[in-house]
Amino acid sequence: MERVWWKEAIGYELYPKSFKDTNGDGIGDLKGIIEKLPYLKELGIDLLWICPFYLSPMRDNGYDVEDYYAVDPQFGSMEDMDALLEKAGALGIRVIIDMVLNHTSDRHRWFQEALKDPKSRYRDYYIFKESKERPSNARSCFSGSVWEKVEENVWYYHTFDKTQPDLNWECRELRREVYKIMNYWLDKGVSGFRMDAITYIKKGNSMKNAEPQGEDGLHDVADIGLNQPGIGDFLLEMRKECIDGRDAMTVAEAPGVPYDEIGEFIGENGYFSMIFDFSYADIDLAPGGNWYYQADWKFSQLKKLIFHSQLSVQRQGWGAVYLENHDQSRSLNKYFRDKAALPYEMRKRFLQSTALGTLLFGLRGTVFLYQGEELGMMNCPFSSIDEFDDLNTIDQYYRALKAGCDEKKALKFVNDRSRDNSRTPYPWNAKKNGGFTEGRPWLKLNPDYRENNAQRQQNEDSSIFRFYQKMIRLRKEKTETLVYGTIEEIQVENEPVIAFSRKAESGKTIYVYINMGEDEETLAAKTGKCLSCNYGDMICKENTLTLRPYEAVMTES
């Protein structure tokens with residue numbers, strides 16, 4: 001297998017608005033990222049994914065771009081971005097950035113020109129339809145119709161919020177503008193892109209009426225608008241115009257791609273270097289996308305999803321593995337649910353976090369951490385809908401009320417799954433506002449920051465941070481096995497035990513056993529030299545392994 005830097009990298013998703021504020025306005029900035037680069041280097045990170053920092057009205061926290069060539073003043077300046085790339089490079093850390101190309105902000109110059117003059121060339125940059133009635137019954141990802149009326153009998157299309165009009169990729173001139181943007185940033189020194197919502201760019205069934213789902217008479221655009229026939233032509237052209245011939249990588253947010261087509265996306269001549277698979281990350285989400293229909297799942301189902309994903313990707317290309325990102329709740333709450341550690345149960349938090357860490361670093365694919373995951377950060381208790389910032393969360397809250405839930409239940413549902421859980425400010429220390437800002441934070445901090453923060457964990461030899469640091473070193477020491485080795489599930493009867501092996505071409509094999517449950521589990525197991533155990537020592541006798549609650553081990557033979 002070809003060895004390339006992005007397969008061996010340890011990625012770290014960084015949400016600039018919540019990472020570190022240096023000027024006291026309560027919002028994280030690029031200088032804050034620069035200040036904390038040594039922390040990331042100490043952890044072992046060598047690839048940063050920075051979420052949007054472009055000029056934006058921030059309706060959707062930067063995923064509504066007003067100008068792709070400008071840094072939003074709340075994050076700093078282009079000079080700050082240049083300094084960040086230079087200082088990260090000096091530390092051996094590559095940087096990729098979010099590229100949001102399905103839509104822009106409605107304040108983008110292109111869209112403003114399109115509204116101003118129907119005969120403008122910019123009209124073709126977006127999707128406008130003339131119709132007396134709403135052109136189709138697709139429901140946007142953020143509720144309501146995908147169609148917004150702007151003139152008499154004239155509508156424009158938006159997959160997400162109405163302030164995020166979709167770009168028309170059928171327009172060749174628009175595509176040239178898109179490639180110009182990407183090449184600008186590559187020339188500036190970024191090492192690639194995380195491609196946001198990229199499987200929505202080809203419109204097809206979403207432009208037509210479909211069988212209604214729900215009382216609003218609409219049909220979920222995700223079911224009818226993802227990965228439409230012909231999208232590959234756009235993606236291949238984009239790769240050839242921007243990536244081929246460069247030492248760069250792309251990781252795509254690509255929901256809607258069936259496993260039997262995944263090779264087209266990440267194979268030897270695929271459109272992207274790797275993609276994120278949402279199957280196991282969305283295990284708690286019931287069909288329909290409504291958070292008040294929470295799926296009841298078992299660990300056997302989680303295992304099935306993980307290994308179906310791993311084996312499908314392994315056969316066809318390369319993947320990116322993760323447990324948390326800016327669109328997800330915290331993994332401790334997601335995967336342990338009502339058994340998740342309480343704020344004061346620090347030993348239990350350590351065990352559960354390191355069990356998840358062992359799983360993540362054992363899987364095949366480029367590993368991406370999300371900021372705070374290395375501290376075992378958990379969901380933040382929001383006490384009112386007024387404390388949330390995320391527009392999708394607010395929308396889901398009112399969807400729940402309309403569905404008949406009372407305010408208490410609706411608040412619980414959004415607390416469980418809000419994207420704001422992952423966007424709370426980073427706790428650097430136990431001081432005011434966790435050392436994130438001297439001002440008023442733009443979003444509520446998790447109140448446990450005094451007990452759980454980076455400074456405290458860096459000062460403890462047996463912290464979650466130190467465990468993650470050790471796992472990163474181990475993955476780099478065992479590159480042949482833990483990066484390039486094949487993966488195979490080990491079938492066990494124990495419901496909460498996840499077990500698998502990683503085998504190198506040389507025959508070296510690493511075995512991973514993780515007890516996700518609160519009870520002791522005994523099983524037949526192949527063992528050898530202990531590489532890692534979150535309890536410190538294994539209980540093993542004659543090929544029988546006893547796993548204590550939330551115990552995770554790696555052995556090598």
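The values are calculated or read from the model by the stated rules, or taken from the named source; none is laboratory data. A quick note: this is a predicted structure, and the numbers were derived from the prediction, not measured. Here the Cβ is made from the backbone with ideal geometry for all residues, glycine too, and neighbour counts use every protein chain on show. Keep in mind that these areas ignore ligands, DNA and RNA; they rest on the heavy atoms of the full protein, side chains included. Shrake-Rupley method; radii C 1.70, N 1.55, O 1.52, S 1.80 Å.
Could you check, for segment 397-414, whether at least one of its residues is among the charged types (D, E, K, R), touching an Asp or Glu at 6+ places or on another chain (Cβ under 9 Å), modelled with pLDDT under 95 and not in a loop (DSSP other than H, G, I, E, B)? For segment 397-414, residues among the charged types (D, E, K, R), touching an Asp or Glu at 6+ places or on another chain (Cβ under 9 Å), modelled with pLDDT under 95 and not in a loop (DSSP other than H, G, I, E, B): present. Within segment 280-303, take every residue that is closer than 23 Å to Asp395 by Cα and of a type in the set (A, V, I, L, M, F, W, C) and give me the one that is surrounded by the fewest Cβ atoms within 10 Å (Cβ to Cβ). Result: Ala295.
Residue count for segment 198-214 satisfying the condition of being open to solvent by less than 30 Å² (accessible area, probe 1.4 Å) and either hydroxyl-bearing (Ser, Thr, Tyr) or in contact with a Leu (Cβ under 8 Å, 6 or more places away or on another chain) (or both): 5. Those strands (runs of 3 or more DSSP E) of segment 477-529 in which 2 or more residues are at negative phi and open to solvent by 40 Å² or more (accessible area, probe 1.4 Å) occupy 486-489, 521-524. Filtering segment 260-273 for residues that are within 19 Å of the chain's Cα centre (by Cα) and either modelled with pLDDT under 90 or not in a helix (DSSP H, G or I) (or both) leaves a non-empty set.
Taking strands (runs of 3 or more DSSP E) that fall entirely within segment 1-110, which contain at least 3 residues that are surrounded by fewer than 17 Cβ atoms within 10 Å (Cβ to Cβ)?
On the way: elements: 10-14, 47-50, 67-71, 94-100.
Of the strands (runs of 3 or more DSSP E) lying wholly inside segment 1-110, those with at least 3 residues that are surrounded by fewer than 17 Cβ atoms within 10 Å (Cβ to Cβ) span 67-71.
Cβ-Cβ contacts under 9 Å between residues 6 or more apart (or on different chains), taken from a first residue in segment 503-524 that is touching a residue at least 60 places away in the same chain (Cβ under 8 Å) and closer than 20 Å to Phe336 by Cβ to a second residue that is β-branched (Val, Ile, Thr) and assigned to a loop (DSSP other than H, G, I, E, B), are listed as Val512/Ile490. For segment 305-363, the set of residues classified as without any contact (Cβ under 8 Å) to a residue 60 or more places away in the chain, farther than 30 Å from Thr393 by Cβ and either among the aliphatic types (A, V, I, L, M) or surrounded by fewer than 20 Cβ atoms within 10 Å (Cβ to Cβ) (or both) consists of Ser312, Val313, Arg315, Gln316, Arg347, listed by residue number. Among the numbered conditions (1) open to solvent by 60 Å² or more (accessible area, probe 1.4 Å); (2) within 30 Å of Ser120 (Cα to Cα); (3) at pLDDT 95 or above; (4) not in a helix (DSSP H, G or I), the only one that Glu173 does not meet is (4).
If I ask for residues that are among the acidic types (Asp, Glu) and under 24 Å from the mean Cα position of the chain (by Cα), which ones from segment 392-421 would you list?
Asp395, Asp416, Asp420
The sole residue among Lys162, Lys129 that is among the charged types (D, E, K, R), open to solvent by 20 Å² or more (accessible area, probe 1.4 Å) and in a loop (DSSP other than H, G, I, E, B) is Lys162. For beta carbons closer than 8 Å, sequence separation of 6+ or different chains, a first residue in segment 2-30 that is closer than 11 Å to Phe75 by Cβ and of a type in the set (Phe, Trp, Tyr) and a second that is at pLDDT 95 or above and open to solvent by 20 Å² or more (accessible area, probe 1.4 Å), the qualifying pairs are Phe19/Lys36.
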